[in-house]
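Participant: One structure is given below, represented as structure tokens, and several questions about it will come after.
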Amino acid sequence: MKRLTFVFGSLFVIFIIFYDLKIGTIPSQDLPAYAAAAQPAQQEASYRTVTVKKGDTVMSIVGAHKAPDDIAQDFEALNPNVKANAIQAGTAYKFPVYRN
């Protein structure tokens, strides 16, 4: 009799765990709906204008504060129609400034 009670009790606990993981115990339509609040704070575009000298690169002017791909993307957003790997000496460009 103890074995039978243990087997049925174990099966019942397994069923409860399965039901809770698969279906859940709280109906989804009864849950309150929240708007997504994880929006990044709007920052002003901070940049500085620099006249490029011979041998300068975007990375050497900006520094290594972020990933190179992110820096290149930010540079190209500030300077439309200019690729980050094709800057020319003697030309002034807007370079992103990153706050630590």
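The values are calculated or read from the model by the stated rules, or taken from the named source; none is laboratory data. Computed from a predicted model, the values in this text were never measured in an experiment. Ligands, DNA and RNA are stripped out before the accessible areas are found, and what is left, the full protein with its side chains, is counted by its heavy atoms. Shrake-Rupley method; radii C 1.70, N 1.55, O 1.52, S 1.80 Å.
Participant: Work out how much length LYS2 to TYR98 would gain on full extension: take 0.36 nm times their residue separation and subtract the Cα-Cα distance, in nm to one decimal. Walk me through the numbers on the way to the answer.
Facilitator: Values: separation 96, 0.36 × 96 = 34.56 nm, distance 6.96 nm.
Residue separation times 0.36 nm, minus the Cα-Cα distance, leaves 27.6 nm.
Participant: What Kirkwood Rh does the range 44-99 have if only Cα atoms enter the pairwise 1/r average? Answer in Å.
Facilitator: Numbers: mean 1/r = 0.0893 Å⁻¹.
After inverting the pairwise mean of 1/r, the radius is 11.2 Å.
Participant: On to the next question. Accessible area, 1.4 Å probe, largest first: how do LYS2, LYS83 sort? Don't jump to the answer; show the numbers that get you there.
Facilitator: Details: LYS2 180, LYS83 125 Å².
Largest accessible area first, the residues go LYS2, LYS83.
Participant: Taking θ as phi - 60°, what are the ³J(HN,Hα) couplings along the range 89-94 by the Karplus curve (6.51, -1.76, 1.60), each to the nearest whole Hz, with x for Gly and Pro?
Facilitator: For the range 89-94, the Karplus curve yields 5, x, 9, 8, 10, 8 Hz.
Participant: Can I ask one more? Please list, ordered by chain and number, the residues whose modelled amide H lies under 5 Å from the amide H of TYR47; skip anything fewer than 5 residues away on the same chain.
Facilitator: The answer is VAL97.
Participant: Tell me which lysines have Cα within less than 30 Å of LYS83's Cα, excluding those fewer than 8 residues away on the same chain?
Facilitator: Answer for LYS83, where 30 Å is the Cα cut-off: LYS53, LYS54, LYS66, LYS94, listed by chain and number.
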